[in-house]
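So the structure is just underneath, and the comments pick up after that.
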Amino acid sequence: VPSRVVSLLDSMFPDVKRQLEGNIKIISVTHLHSDRLAALIDMVEQIPSELITTDVQKQNELFVSRSAIKNMIDLWSGGGRDMVLSTVKGLGDLNPVAMIRRALADCPDEFPSNDTAELDFIQDEEFRQSLRLDISSAKKHLAEGEWKSATVMAGSAVEALLLWVLIKKQQERPEKLVAAIENLKIKRGSELNNWHLDEFVQVSRHLGLVGEETTTQAGLTNNFRNLIHPGRVNQLGQKCDEATALAAAAAIQFVVRDLSSP
């Protein structure tokens, strides 16, 4: 994953980070660095392409730098040991190793699985991708039989989705939300970040943002979310198992379905 490559790179080429920070103008690598450079390129090429999510310019610098390093290793192997690699023509003063580090530092270590809902109704790209990653992780935990992690993460995703839609409603029609809070006697008032999942579910249903099936399923998830606390497990006499994980995962699908509807 990108962070592992960056960590290895920093240990093998400590001057690179200093160059990126502006403390060194030019750094060079020689044939004495061949083994380290070969290891670096090998690791870079093992990073799944879907994790290379930095901007287009840095992606281009990454690919060009990788090629420049591989080409130089070939030249050194062919006898050109007096040659040094400092920059790539047309790409400024950064060493290719530094450009690789800069690109990878922007990349995540995880990416949503291909079958994760796109959540196209969410306009904020950063939040959308973060939420998709949480949903993907919940599905992964479910598939691996990690019932507690799957239950809690799925419940968290349901909560995040409903919080998002209610904040949107608060911005667009604040009077509607105020009326719903008063009608349902929500004790925590209009500060949505202080609400619990059951309040998100109640108000979302009252405003017609989700249907009755979703309300029922998400309501179950509210109880399961509490099972992250050992004290609640003892109090409720419940535990996370395959059933709670499946129910929480289903709640995500119900909420996404309703919020995706025009």
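Some observations on this one:
- Structural size metrics of the chain, computed from C-alpha coordinates, are Rg and Dmax of 25.2, 82 Å.
- Per-pair calculated FRET efficiency, R0 = 30 Å: Asp109 and Glu191 via Cβ, rounded to 0.05: 0.35
- Most tightly packed first, judged by the mean number of other beta-carbon atoms within 10 Å of their residues, the peptides 176-183, 96-103 read 96-103, 176-183.
- Percent carbon-and-sulfur accessible area, the chain, ignoring ligands, DNA and RNA, probe 1.4 Å: 49
- Averaged over residues, the count of other Cβ atoms within 10 Å places the peptides 129-135, 39-45 in the sequence 129-135, 39-45, highest first.
- The phi torsions of the range 68-73, fed into the Karplus equation with coefficients 6.51, -1.76 and 1.60 and a -60° offset, translate into couplings of 5, 5, 4, 5, 5, 4 Hz, rounded to whole numbers, with Gly and Pro shown as x.
- Flagged links, alpha-carbon separation over 28 Å, of Lys17/Lys89; Lys139/Lys239; Lys58/Lys168; Lys25/Lys58: Lys58/Lys168
- Against the main long axis of the alpha-carbon atoms of the chain, helix 212-225 sits at an angle near 70°.
- Relative to the longest principal axis of the Cα atoms of the chain, the long axis of helix 34-45 lies at roughly 30 degrees.
- In terms of the mean number of neighbouring beta-carbon atoms within 10 Å, the peptides 140-149, 241-250 order highest first as 241-250, 140-149.
- Rounded to 10°, Cα long-axis angle of helix 125-143 versus longest principal axis of the chain: 80
- Dipole magnitude of the range 1-155, debye to nearest 20 (Cβ charges: Lys/Arg +1, Asp/Glu -1, about Cα centre): 560
The values are calculated or read from the model by the stated rules, or taken from the named source; none is laboratory data. Worth saying up front: this structure is predicted, and the values here are computed from it rather than measured. Cβ sites come from the backbone with ideal geometry, for glycine too, and all protein chains shown count toward neighbours. We work out accessible area using only protein heavy atoms, side chains counted, and drop any ligands, DNA or RNA first. Shrake-Rupley method; radii C 1.70, N 1.55, O 1.52, S 1.80 Å.
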